[in-house]
Structure formats: structure tokens, C-alpha cells
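So the structure is just underneath, and the comments pick up after that.
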Amino acid sequence: MSIKQSLLEIKNSLPETVTLVAVSKTKPVSDLEEAYAAGQRIFGENKIQEMTQKWEVMPKDIQWHMIGHVQTNKVKYMAEYVSLIHGVDSLKLLKEINKQAKKHNRVINCLLQMHIAEESTKFGLDLEELNSLVSSDVFKTLENIKVVGLMGMATFTDNQNQVKKEFGTLKEVFSSLQSTKSTNLDVKILSMGMSGDYKIAIDQGSTMVRIGSSIFGSRNYI
């Protein structure tokens with residue numbers, strides 16, 4: 001099945017309330033161009049250098065989402081153009097994004113990453129850290145970022161009940177955080193669900209899914 005066919009099949013299966021991020025990490029520009037020609041305008045990358053290389057040659061109406069773990073010293077390379085940063089897991093990182101966004105006279109949208117999986121290797125905040133971050137005085141001074149939602153990754157397991165439970169937990173946190181408002185906090189996006197579990201994520205309230213292999217297959221850039 002072609003990229004266009006795969007993309008349209010997935011898009012047609014998603015509710016109107018769910019946004020598709022086409023995960024294009026390690027994929028050649030030619031694959032992205034095929035997806036673009038089929039109407040896709042949101043692409044997700046997990047390495048800033050690779051994303052920047054693609055941004056430089058691809059059409060400028062694309063929204064680039066950084067979905068991987070972000071190192072503070074790399075933020076400056078994407079601050080000019082990135083549309084949404086999914087994996088923000090510390091106040092330190094938010095401060096750096098704010099600093100770099102200010103240099104470009106931008107407000108960069110961010111998602112706070114919650115740790116919901118059993119695997120200890122996954123990044124993310126716990127509930128106490130989340131509440132501490134958004135209620136801190138420092139957070140409220142950050143004028144060049146806006147936290148627009150939450151992101152999380154479930155445990156990589158065949159146990160669908162466990163995945164459902166983890167996504168359900170994140171949805172509860174998301175719902176409770178929506179009642180908290182400030183100038184740089186407006187929670188609307190719940191980014192959860194990837195190729196293997198996005199249907200469960202949608203059932204649990206996801207508004208944004210990150211799908212790569214089901215669209216592009218296994219062909220790699222490098």
C-alpha cells in the first residue's frame with residue numbers, strides 16, 4: 001500500500017476531534033513529500049537536527065512537532081519554526097524554550113509530558129511534579145511559551161487493559177488540569193497513542209495521535 005493510501009485510510013478512520021501527527025523520523029524527504037501531496041501538514045520528528053534539515057527544504061506551511069526527548073542545548077536550533085514541542089518534562093526546559101522563543105519574537109506551544117508507563121526508562125513528570133510546575137511563580141513569568149496540553153506514552157505491552165488504564169489515568173489528569181487557567185496555560189490537547197495503541201488512546205479521550213510505521217512502513221532515511 002502506498003503512503004497516500006495508508007495515510008488516507010488512517011485519516012478516514014479518525015474522529016474529527018483527533019489530530020494526526022505523521023511521525024516522519026528517519027524517513028526520507030521523498031516520503032514526506034508524498035504524504036504532503038496527499039494533504040498531510042503535520043509531521044513529527046524526534047531529532048532536532050534531522051527536523052531542521054527537513055524544515056529547510058520542505059514547504060513552509062508544514063507544522064513541525066518535536067516528539068522526542070529534548071536537550072536544552074538543542075532548543076535554539078528549532079526555536080525559529082517549531083509548532084509544538086511534545087516532550088517537555090521540566091521547568092528548566094520550559095525556561096530555555098521561553099528564552100529561545102523570545103529571541104525570535106514567538107510564543108512556542110508546548111505539551112507537558114507525564115510519566116504514565118511502568119517502564120522506568122520513559123521520561124515525564126509525575127502528578128506532584130506537574131502541579132508544582134504549573135503553580136510555581138517562575139512558570140507564570142514565562143511569556144514566550146504556552147502549555148496547551150499533556151502528552152504521555154503507555155507501557156509497550158500486549159496487555160490492552162494496562163494500556164487502557166494508563167491512558168485513562170492521563171485523561172483524568174488532563175481533565176483536572178483544564179480548570180487551571182493562566183496567561184501561558186490553556187489545556188486543550190491530549191497527545192497519546194501511537195501506531196500500536198492509538199485506537200485505545202482515542203477511546204480514552206486522546207485528541208492527538210502520533211502515527212509513523214502505519215503510514216510510512218519500515219523504510220528509513222539512514
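The values are calculated or read from the model by the stated rules, or taken from the named source; none is laboratory data. What you are looking at is a predicted structure, and each value in this text was computed from that prediction instead of being measured. Here the Cβ is made from the backbone with ideal geometry for all residues, glycine too, and neighbour counts use every protein chain on show. Ligands, DNA and RNA are stripped out before the accessible areas are found, and what is left, the full protein with its side chains, is counted by its heavy atoms. Shrake-Rupley method; radii C 1.70, N 1.55, O 1.52, S 1.80 Å.
Within the set of other residues whose C-beta is less than 11 Å from the C-beta of Asn184, count the net charge using Lys and Arg as +1 and Asp and Glu as -1.
On the way: positive: Lys140, Lys146, Lys181; negative: Glu143, Asp186.
Around Asn184, the surrounding residues sum to +1.
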Please work out, to two decimal places, the log10 of the ratio I(q)/I(0) at q = 0.09, 0.12, 0.13, 0.14 Å⁻¹ from a Debye calculation in which every Cα of the chain carries one identical scatterer.
-> -0.34, -0.62, -0.74, -0.86
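Calculate, for the stretch 1-143, the solvent-accessible area per residue in square angstrom, rolling a 1.4 angstrom probe over the heavy atoms of the protein chains. Before the final figure, lay out the partial values.
Working: 7190 Å² over 143 residues.
Per residue, the stretch 1-143 has an accessible area of 50 Å².
Mind putting a number on the dipole of the stretch 81-159 about its Cα centre? Charges go on the C-beta only, +1 for Lys and Arg and -1 for Asp and Glu, and I need it in Debye to the nearest 20.
Working: 9 positive and 10 negative charges, 145 e Å.
That gives the stretch 81-159 a dipole magnitude of about 700 debye.
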How big is the gap, in Å, between the Cα center of the stretch 121-172 and the Cα center of the stretch 38-87?
-> 21
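Within the chain, what whole-number % of the accessible surface is contributed by carbon and sulfur, with the 1.4 Å probe and all protein chains included in the calculation?
Numbers: 5170 of 11020 Å².
Whole-percent figure for carbon plus sulfur exposure: 47.
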In the neighbourhood of Asn159 defined by beta carbon distances under 14 Å, the net charge of the other residues (Lys, Arg +1; Asp, Glu -1) is -3
Within straight-line cross-link reach of Lys171, aspartates and glutamates at Cα separation under 18 Å, skipping those fewer than 8 residues along the same chain | Asp89, Glu118, Asp126, Glu128, Glu129, Asp186, Asp197, Asp203
Simple spin-label model, 7 Å along Cα-to-Cβ: Gln63 to Asn159 in nm?
-> 3.5
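List the pairs from Lys74/Lys103; Lys92/Lys140; Lys47/Lys76; Lys11/Lys47 whose alpha-carbon separation is above 18 Å, in the order I gave them.
Among Lys74/Lys103; Lys92/Lys140; Lys47/Lys76; Lys11/Lys47, the Cα-Cα distance tops 18 Å for Lys11/Lys47.
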The answer for the per residue Cα convex hull volume of the stretch 1-99, in Å³, is 108
When averaged across all projection directions, what area in nm² does the alpha-carbon convex hull of the stretch 49-176 cover?
-> 8.8
In the neighbourhood of Ala101 defined by beta carbon distances under 11 Å, the net charge of the other residues (Lys, Arg +1; Asp, Glu -1) is +4
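About the Cα centre of the chain, what is the dipole size in debye to 20, counting +1 per Lys and Arg Cβ and -1 per Asp and Glu Cβ, all else neutral? Walk me through the intermediate numbers first.
On the way: 27 positive and 25 negative charges, 128 e Å.
The calculation lands at about 620 debye.
Taking only DSSP H segments of four or more residues, each worth -39500 (n - 2.57), what value at 222 nm results for the chain once the sum is divided by all its residues, to the nearest 500 deg cm²/dmol?
On the way: 9 runs with 84 residues, N = 222.
Result for the chain: -11000 deg cm²/dmol, rounded to the nearest 500.
Taking N as the number of residues in the stretch 176-222, what is its Cα Rg relative to 2.2 N^0.38 Å? Please list the in-between numbers first.
On the way: Rg = 14.9 Å, N = 47, 2.2 N^0.38 = 9.5 Å.
The value comes to 1.57.
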